[in-house]
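Asks: Dropping the structure in here first, questions after.
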Amino acid sequence: MKYILAIFAFLFFNCSLIAQNVSSQKEFSFGIYYHQGLVIPKNQYINYLIQDNISAVELELAFHPNPEKKWVKQYAVNKIGLTYYQGTLGNTISLGKVRSLVPFIQFEIKSWDNFHIDTNVGLGIAMMSKYFDPVSNYANKLIGSKFNAHIKLGLEANYSFPRFDISSGLILSHFSNGSRKHPNNGLNIITGKVGLNYRFGKTRQIVSKTHSFNKLKDEFTAILNLSWKEKNEQDPHTYYVSSINLSYAKGINSIQRLGMGIDLFYDESVDRGYWTTNPKTSFNDRISQAVFFSHELVIRKVSFITQIGFYTLYKTKPNSNPFYNRLGLRYKFSKHLLANFSLKGHLGKSDFIEMGIGYTFNKNK
């Protein structure tokens, strides 16, 4: 997952500064793509388990918003849509196949007449045909549940003809259930894709206009998150986890903020030892505190959040890795209130999926 997070932040930081320049555009498009790739190795066990390359088929239905709208030009949005993905995972017997539905948004990076380069990000749900079972499928120590999150990040090149596009690209995908069910080592795969994208619907004639955009205001945010997780496949208990997230973010342009903050975690699963014999840990043992740095991409009421942090105070060491990361979405449903959905991990492994509600206000200037 660390590869996805790093490239996610880099591409969004760069592509969001580039304006769109379109002369004509169809309203809708339908695409069909073929994927070929491999599993990104994280340890020797994965190298042993994976026996074949990845192959998949993907169907895409997308809407192209009007580029004359101010917010579309500001964020260089090319299309918004839904994909259906079906493919193998490198070992049909133990890992089976995956099917997923992933909503996505695509941003234009650069265009030259009929050729353009785009980046897209998606977050959806995946269904695995095979997952861990202590009797029937004990070899699968990567995925412990039937349903998992599917995070996708893509870089694409497209050449346009009057009615269709030829597309090729590089796609990074991460499958994980956020430690709600163990084992949860997760799967990271990289695929190259090639396909056709047919454009249909009304054709818009676009006249490019120059817009100026105000820089985002600085913002303070406080969020309370709740979650539940399993510790490992030997422990059948589900443990409660919560966190308080406090941050200050400074607007650097019309769509991005950079910031920092602190996390306070409460985790019932820490330092449990052998759950069948050891008593529960004390309240103080379950508390840890951390500092993080953040990047925020703001698209109207929705924010894409990337955070990298490290633990500073704890009585029980939270993880063998002192660093952690968070990838999330926030939605503002009023001036001061927001909803949060995010995935916390330890750079190479998911920790838990958290959901919460927060309060935010702007710094007076």
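The values are calculated or read from the model by the stated rules, or taken from the named source; none is laboratory data. This is a predicted model, so every value here is computed, not measured. FYI the Cβ positions are ideal-geometry reconstructions off the backbone, even for glycines, and counts take in every protein chain you see.
Asks: Identify, from the list 91, 14, 43, 66, the residue that is closer than 30 Å to residue 140 by Cα, surrounded by fewer than 16 Cβ atoms within 10 Å (Cβ to Cβ) and at pLDDT below 95. Give the derivation first.
Replies: Values: 91 fails: surrounded by fewer than 16 Cβ atoms within 10 Å (Cβ to Cβ); 14 fails: closer than 30 Å to residue 140 by Cα; 66 fails: closer than 30 Å to residue 140 by Cα.
Going through 91, 14, 43, 66 in turn, just one is closer than 30 Å to residue 140 by Cα, surrounded by fewer than 16 Cβ atoms within 10 Å (Cβ to Cβ) and at pLDDT below 95: 43.
Asks: Return yes or no: is residue 73 in contact (Cβ under 8 Å) with a residue 40 or more places away in the chain, under 30 Å from residue 202 (Cβ atoms) and of a type in the set (Lys, Arg)? Step through it out loud before you land on a result.
Replies: Values: in contact (Cβ under 8 Å) with a residue 40 or more places away in the chain: yes; under 30 Å from residue 202 (Cβ atoms): yes; of a type in the set (Lys, Arg): yes.
Answer is yes for this residue.
Asks: Still on this structure, please answer the following. Hey, among the residues in the range 69-79 that are under 13 Å from residue 299 (Cα atoms) and surrounded by fewer than 16 Cβ atoms within 10 Å (Cβ to Cβ), which one's nearest to the chain's Cα centre (by Cα)?
Replies: The first filter runs over the range 69-79 and keeps only residues under 13 Å from residue 299 (Cα atoms), leaving 70-77.
Then keep just the ones that are surrounded by fewer than 16 Cβ atoms within 10 Å (Cβ to Cβ); that gives 70-71.
Numbers: 70: 26, 71: 22 Å.
Here the answer is 71.
Asks: Out of everything in the range 104-144 that is free of Cβ contacts under 8 Å to residues at least 40 places away in the same chain and exposed (fewer than 14 other Cβ atoms within 10 Å of the Cβ), what residue ends up being nearest to the chain's Cα centre (by Cα)?
Replies: Across the range 104-144, the extreme among qualifying residues is 125.
Asks: Looking only at the range 223-237, decide whether some residue is modelled with pLDDT under 90, under 30 Å from residue 303 (Cβ atoms) and in a strand (DSSP E or B). First the steps, then the outcome.
Replies: Start the filter on the range 223-237 by keeping residues that are modelled with pLDDT under 90, which leaves 228-237.
With the extra rule that they be under 30 Å from residue 303 (Cβ atoms), the set shrinks to 228-230.
Filter once more, keeping what is in a strand (DSSP E or B): 228-229.
Looking through the range 223-237, at least one residue is modelled with pLDDT under 90, under 30 Å from residue 303 (Cβ atoms) and in a strand (DSSP E or B).
Asks: Filter the range 106-129 down to residues that are touching a Ser or Thr at 6+ places or on another chain (Cβ under 7 Å) and aromatic (Phe, Trp, Tyr), then give me how many there are.
Replies: Counting residues in the range 106-129 that are touching a Ser or Thr at 6+ places or on another chain (Cβ under 7 Å) and aromatic (Phe, Trp, Tyr) gives 1.
Asks: Considering the range 46-63 alone, what residues qualify as being surrounded by fewer than 17 Cβ atoms within 10 Å (Cβ to Cβ) and farther than 17 Å from residue 102 by Cα? Steps first, answer last, please.
Replies: Quick first cut of the range 46-63, residues surrounded by fewer than 17 Cβ atoms within 10 Å (Cβ to Cβ) only: 47-48, 51-53, 55, 57, 59, 61, 63.
If the condition is that a residue be surrounded by fewer than 17 Cβ atoms within 10 Å (Cβ to Cβ) and farther than 17 Å from residue 102 by Cα, then 47, 48, 51, 52, 53, 55 are the ones that fit.
Asks: Say whether the condition of being at pLDDT below 90, touching a helix residue (DSSP H, G or I) at 6+ places or on another chain (Cβ under 8 Å) and within 22 Å of residue 179 (Cα to Cα) is met by at least one residue in the range 118-133.
Replies: The answer is no, given that none of the residues of the range 118-133 is at pLDDT below 90, touching a helix residue (DSSP H, G or I) at 6+ places or on another chain (Cβ under 8 Å) and within 22 Å of residue 179 (Cα to Cα).
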